[in-house]
Amino acid sequence: MHSELWIEEKFQDFLSLKIKVEKVLFSGKSDFQTVDVVETRGHGKMLLNDGLIMVTERDEFAYHDMIAHVPLFVHPNPKNVLIIGGGDGGTAREVLRHSGVEKCTMVEIDAMVVKACREHIPQTSCEFDNPRLNLLIADGVKFVKETNEKFDVVIIDSTDPIGPAAPLFGPEFYQDVFNCMADDGVVVSQGESSWYAMDIQQSLLHVLNSVFPQCFLYNFSNLTYPGGLWSFTFASKKYHPLQDFNRSRVHNSGLEFDYYNCAVHKAAFSLPNFARKGLEGLIANG
Ligand code: SAM
């Protein structure tokens, strides 16, 4: 009898997702987390940090399109972009498709994530050697506190608020993010789930509202994060994600996407009533 290997991601204490594994490609433990890359049956290669699914080849385009192209098509002329986290490389890959972006700095705390993805998931890590990418292995919290640069777009591509990512959801971090943004800067952050983590969304939006004039939440659908519906937050010193969205920039870019388009951009900010109600007073698209 041959034994079958399955990855089971446990979420909170009442839900789990099981995916069949064909082969374990990498398993390691860094100073920050366990890092695994496996080949799955239905989702291609998959990265897990601390047993939680970060990325799968099958659906990563949804997350990376929506975290990158929404802010980059609202800001009228993004040249200098900062990514905090994002060690699989998918967000940097999408940012660098914008020819107007002159420099993209990516600050990932865990060298092991970068190395494992570089070796085993070229689909996301394919732009690590792009000369416009400044890839730093460092703590994003410290980086935003100390940098003298000003960024047009900041993208917080983090894990859940545990371990080294916990401060990435706090007020001090966002004050430092605000300080390193240009006067018309935009920041987008991994914003968890209205189904299963409304409390984290409320707390993150509360923090964002203490720093930025207006905050928004937008949704996208994916296969592997619990509940399927997932969110990003959007905040800016100046821009409204819909009123300042210029569709012609999307068409003129000549870029083609598997998930993002102008209608999706607009629809993503239309929230179901349970989310509007739970986030009342915290979002301008409520
Ligand atoms: N798409 C993913 C998700 O939502 O599950 C996130 C992808 S990416 C792999 C998240 C990365 O954030 C991890 O590689 C983790 O090491 C990194 N990270 C966590 N805390 C960090 C910090 N303080 N500074 C920089 N990177 C951090």
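Here are the numbers for this structure:
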{"quantity": "Test for LEU217: is it under 18 Å from the mean Cα position of the chain (by Cα), more than 30 Å from SER30 (Cβ to Cβ) and touching a residue at least 40 places away in the same chain (Cβ under 8 Å)", "calculated": "yes"}
{"quantity": "In the range 56-72, the residues that are part of a strand (DSSP E or B) and open to solvent by 10 Å² or more (accessible area, probe 1.4 Å)", "calculated": "none"}
{"quantity": "From VAL141, VAL154, residue being more than 9 Å from the ligand (Cβ to nearest atom), buried (at least 17 other Cβ atoms within 10 Å of the Cβ) and either without any contact (Cβ under 8 Å) to a residue 60 or more places away in the chain or assigned to a strand (DSSP E or B) (or both)", "calculated": "VAL154"}
{"quantity": "Unmet requirement for THR34, which otherwise passes all of (1) touching an Asp or Glu at 6+ places or on another chain (Cβ under 8 Å); (2) closer than 18 Å to GLN190 by Cβ; (3) not aliphatic (A, V, I, L, M)", "calculated": "(2)"}
{"quantity": "Check on ASP199, among the charged types (D, E, K, R) and either within 18 Å of ASP157 (Cβ to Cβ) or touching a Lys or Arg at 6+ places or on another chain (Cβ under 9 Å) (or both)", "calculated": "no"}
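Matching residues to (1) closer than 23 Å to GLY140 by Cβ; (2) touching a Cys at 6+ places or on another chain (Cβ under 7 Å):
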| position | (1), (2) |
| --- | --- |
| LEU208 | yes, yes |
| PRO213 | no, no |
| GLY227 | no, no |
| LYS237 | yes, no |
| HIS265 | no, no |
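The values are calculated or read from the model by the stated rules, or taken from the named source; none is laboratory data. In this text the structure is predicted, and so the values were computed from the model without any measurement. Note that each Cβ is placed from the backbone with ideal geometry, even for glycine, and that neighbours are counted across all protein chains shown. Note: areas computed on protein heavy atoms with side chains; ligands, DNA, RNA excluded. Shrake-Rupley method; radii C 1.70, N 1.55, O 1.52, S 1.80 Å.
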